[in-house]
Amino acid sequence: MQRFALFIAFILSTSFHTLAQHNWANTQSPPQSWSSVENDFVQVIYPTGFKNNAIYMANLMEHYSKYVGLSYGLQKPKQVSLIYRPQMGNPNGFVTLTPRRTEWFDSTNFFAHVSTVEWHENLSIHEYRHIIQQDIFNKKTVKAFDVLMGDSGQSILNFLASKPWFMEGDAIYAETKYTQSGRGRSSRFMARLKAVLLKGETPTYDQFVNGTYNDKLVNWYIYGYVLISHGYKKYGDNFWNIVMDNMTARPYPNGIVGAIENASGVDFYDFYYEAFEELRKKWKKDSFPELKATEFKIKTNQFKNGDDLYYLEYDLNNFYRLIRESNGEKEVLTDIPYSEDLTRLDYSKSHAIQSHFLPHWRYGFKSYSDLSLIDLKDGSKKYITSGHRLYNPHFNKAGDKIIAINFDSKNKWLVQEMDLAGNMLRHIKNEKYKFLEAVAINRNEVIALVTIDTGGKGIVKANFETQQVTTLIPISFNNLYWLQTDFKSNILFEGQHNGAVEVFKFNFETKSLAKCTTSKIAAYTPTMTNGEILFSEQTINGKRISKVTTDNCLSIPISYLTDPDKYYSKDSPSDRLNNFERIDFKDRKEVATKNYEQYKEKDYSGFDWRALTPHSWSFFVGQGYGLSLWADNYLRDFGWNVNLGYEAAENTSYSSLQIDFKRYWPIFSLIADLREREVSRLGTDNDNYGWDENTVGVQAQLPFVSRHNLYNLNITLGYSAEYVQTKDYNSNDIDINGEADLIRQTTTLNIDLYKDFTARSIISPWSFSLLGMYQDADTNDTTGVVGDYRWFGDIALTTPGLFRNNGFKFSITGEKYGEGTSYRFQPTSQEIMGYVFSRGYDYFATNRYIKTSSNYLFPLFYPDYNIASLIYFKRIYMNLFYDNTKVYAISADNGFHISSYGAEIVFNTSIFRSIPVDFGYRFVRTHETEENINEVFLGIGLTF
């Protein structure tokens, strides 16, 4: 128990140090007026003008409040705040603390990943289930930590004891059980898991939880759903409530394993492997005996143009790459950002087009989905739109127009026609339907995939000139997706049938339907050329491009797509793992306006009780101890932090207050700080000179965020001006006379430009970072410390190495004081077990130094090895380094060099299946002192 207490203390100290770091650009919406409505279950906070949406969401929450807590014995959940964010380009929702709330992004099912439940209805079940989990978890021992530390105490224990698979799998279970659809009824949801289990042995629990570099496994939503379902089916409806009760009583690291054993009476690993073995047995008939297990690879989103075959290829060592294959020769055209769940590529004879999620330059709760045009001759890319929300783009037959879905500024879902320069031309809108995808069949008409207010998907024909919409395939809960046309009278699309994803062909002239594939798992991304249908087939090794002829298509009635008794399987776990009854939401059509007059709209400024009340507190302050308080309003655009404690960096006491105003650009903060200072004289490492320092000031931050294809850019320009009073001086513990008032100014520039990581990257293959800082302390007083200035800079560059997943990192770091003999600024960084100078040399106070460092990193092994569930070894890699530092002890000094070289073996691990920790062994050879140094280090002390 004592060891556990010490472990918790360590986690709390590191966690709250992290919590104090503000992520300015990812916590706000653009400035606008806000309003709120509420009922007994939810307070909806929304931009003014979206009252109808807010009432709809409030009514959904009220409806599902009767169901989502039943398995935990909760009859009436307590009220929660819901923040509605209607300006997002990417679909999402989440539940969080600090403070307690749920946030929903406005969207719809333009993709197939979350099945066919209406978007907001899905959030009202899935996210509501997370709220219930969060509230049920907060009892017994967890409640004691909540009292002790506020929301963050609960968050930390949840992070340690529970697992995301439990939270997400349980939410998937709820959304499937209480609706007519849900991800658990979609045969594409577990398609990759089916492939993994048919390939061979069940992945270990550690591989699922901690990840692996040896294969592409499934996310925690999927394997979590399997484990949650297994627990309910075998041990009853109260099983996971008992598990939760056990976790809250003993929330130790990896506590969910012991909680499952206590609730089930069996060894956890028997529970775990039994759940997946049951699936493997039911899926065994769909195995691929002709295939040998190979490394994971995907080929998808294909298009054939004459002798040229274009497709996307992906593996663990590369990004998604656009490939042109001609006469047996393969050419890589370009890397692209791509998500198989959310985006698609369409082709003309000369170009490809795709949508790409992009951030707002300042506000994290505003984002876009713009179109990128790719030249098929050389792979060059350019954005043709900016600041829009466009999805599922398609070329017309001539290739000179683009048809895409436009989620416009009024949050309406339209069919949008554009030219290749991105100019908006015509559009189709309809009050009944939300358009999800559309393909042009002639100049004026499109075939479109649509949904309605109550969910489901169907296929219609729509006309640009007349705005007329004609139903072709009625709305159902079949998860239809991926339209493609032959520009004659046929369309292809994906649909679910008998536990698999299949390719269907529909003749919109004769209204005849045919099924063109009989898949063992799934057939995706169909295209049609000269009587041949190409598709991406899910196999045990990933996806491969397969083909059938149109003669292979078998005519079936349309009811096979629209009647759930015909498109759902009879017994396949792919869509009937739990064999739930389909729940009919009887008053579904009335939910949008129910009790409309009873909702009273109120202005919401953000400065309510939440903004003034701490949501978290801690007795660990920075790298010391004391009392720390945090508060934020629900919009996260105003907050404050108070610290009273002892700072380990200078072994002194201090107190501070920071108030942040984050709604606008720039971001302003008010600062107050009182502390005792202890600094080192130049050329020494002894803290022997000090004073009391009182500070008040203001701070401004100018953040900028951008993304271009696979590259990301983050820039922050900061400035602070502070009035600093120094007094009560001492030297070597002897009081001395003196007092000085200073004006201290600090200017910082932080630039971080980097390319995305591949699955196996150790560092970014291409990156550039710069941290520059100038500080000046000016005073006219002569009895205390004399003013001074300091420059600090750090520049780093990474490039690809000589082989796959290898990388170079080069860096230059330097610091320079003016005189450096009196006022000393606070340390720029506090590296635990790291080196400011060349590795192997201790730091001492200097007038200036400049350090260069060269590193070469490369992987050694991917062991996937765990020791008694305490530590899991995910990757072992090596770093070869050379450091050189020139040090100037005083301003008049000519300086001297200290250099070193050596090697580091680094272990990427996970401790207690919760905490990622890198540690390793370092050998250092110091050049000037000719010493050999051997040491063990933590990853947080690495210089790269």
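The values are calculated or read from the model by the stated rules, or taken from the named source; none is laboratory data. The shown structure was predicted, so the numbers you read here are calculated from the model rather than taken from an experiment. Cβ placement follows ideal geometry from the backbone for every residue including glycine, while neighbour counts extend to all protein chains displayed. Please note that ligands, DNA and RNA were not included when accessible areas were found on the heavy atoms of the full protein model with its side chains. Shrake-Rupley method; radii C 1.70, N 1.55, O 1.52, S 1.80 Å.
Remarks
- DSSP bridge pairs, the chain: antiparallel proportion in percent, nearest 5: 95 percent
- When peptides 799-809, 591-601 are ranked by their average number of other Cβ atoms within 10 Å per residue, the highest-first order is 799-809, 591-601.
- Taking amide H as placed 1.01 Å from N in the peptide plane, the amide H of TRP34 sits under 5 Å from that of THR48, TYR604, each at least 5 places away or on another chain.
- With contacts taken as Cα pairs under 8 Å and at least 6 residues apart, the chain reaches a relative contact order of 9 percent.
- The stretch 536-584: trypsin sites (Lys or Arg not before Pro) falling in loop per DSSP and having at most 16 other Cβ within 10 Å: LYS570, ARG582
- Computed helical MRE - 222 nm, the chain, DSSP H runs ≥ 4 contributing -39500 (n - 2.57), nearest 500: -5500 deg cm²/dmol
- Less than 5 angstrom separates the built amide H of LYS662 from those of PHE638, GLY639, all sequence-distant by 5 or more or on a different chain.
- Label zone at ASP603 (point 7 Å along Cα-to-Cβ), backbone N below 16 Å, the stretch 34-52: 34-37, 46-49
- Estimated vicinal HN-Hα couplings, Hz - the stretch 50-56 in sequence order (Karplus 6.51, -1.76, 1.60; Gly, Pro = x): 10, 4, 4, 4, 5, 5, 4
- Residue-wise HN-Hα couplings along the stretch 838-844, as the Karplus relation 6.51 cos²θ - 1.76 cosθ + 1.60 with θ = phi - 60° gives them from phi, are 4, 4, x, 10, 6, 7, 9 Hz; Gly and Pro carry x.
- Given their separation in residues at 0.36 nm each and the Cα-Cα distance between them, ASN463 and LEU612 gain 48.2 nm when the chain is fully extended.
- Relative to the dominant Cα principal axis of the chain, helix 2-19 is inclined by about 80°.
- Taking the C-alpha atoms only, the angle from helix 140-149 to the longest principal axis of the chain is near 50 degrees.
- For the pair ASN52 and ASN219, label points projected 7 Å from Cα toward Cβ lie 3.1 nm apart.
- Extent along principal axes [Cα atoms of the stretch 673-829; Å; largest to smallest]: 62, 33, 23
- Euclidean distance between Cα centres, the stretch 838-865 to the stretch 312-377, Å: 36 Å
- Taking a ≥ b ≥ c as the square roots of the eigenvalues of the Cα gyration tensor, an a/c ratio of 1.5 or more together with a/b larger than b/c marks the chain as prolate.
- Taking all protein chains into account, the per residue accessible area for the chain stands at 41 Å² (1.4 Å probe).
- The Cα atoms of the stretch 493-577 give a gyration tensor whose axes a ≥ b ≥ c have a/c of 1.5 or more with a/b no greater than b/c, which makes the shape oblate.
- Working note: Debye formula, equal point scatterers on the alpha-carbon atoms of the stretch 301-342, no solvent; log10 I(q)/I(0) at q = 0.13, 0.19, 0.26, 0.31 Å⁻¹ is -0.28, -0.56, -0.92, -1.12.
- LEU436 long-range amide H proximity, modeled H, under 5 Å: LEU449, VAL450, THR451
- Tilt relative to the chain, helix 268-283 - C-alpha long axis, 0 to 90 degrees, to 10: 30 degrees
- Relative contact order, percent, the stretch 673-829 [alpha-carbon distance under 8 Å, six or more residues apart]: 16 percent
- Ellipsoid semi-axes for the stretch 287-428, based on the Cα gyration tensor and the rule √(5λ), read 29, 19, 14 Å when sorted largest first.
- Trypsin sites (Lys or Arg not before Pro) within the stretch 349-383: DSSP coil, no more than 13 neighbouring Cβ in 10 Å: LYS349, LYS377
- Whole-Hz Karplus values for the stretch 243-250 come out as 4, 4, 4, 5, 5, 5, 6, 10 Hz, taken residue by residue from phi with 6.51 cos²θ - 1.76 cosθ + 1.60 and θ = phi - 60°; glycine and proline positions read x.
- Loop-located GluC sites (Glu not before Pro) in the stretch 259-293, at most 12 other Cβ atoms within 10 Å (DSSP): GLU290
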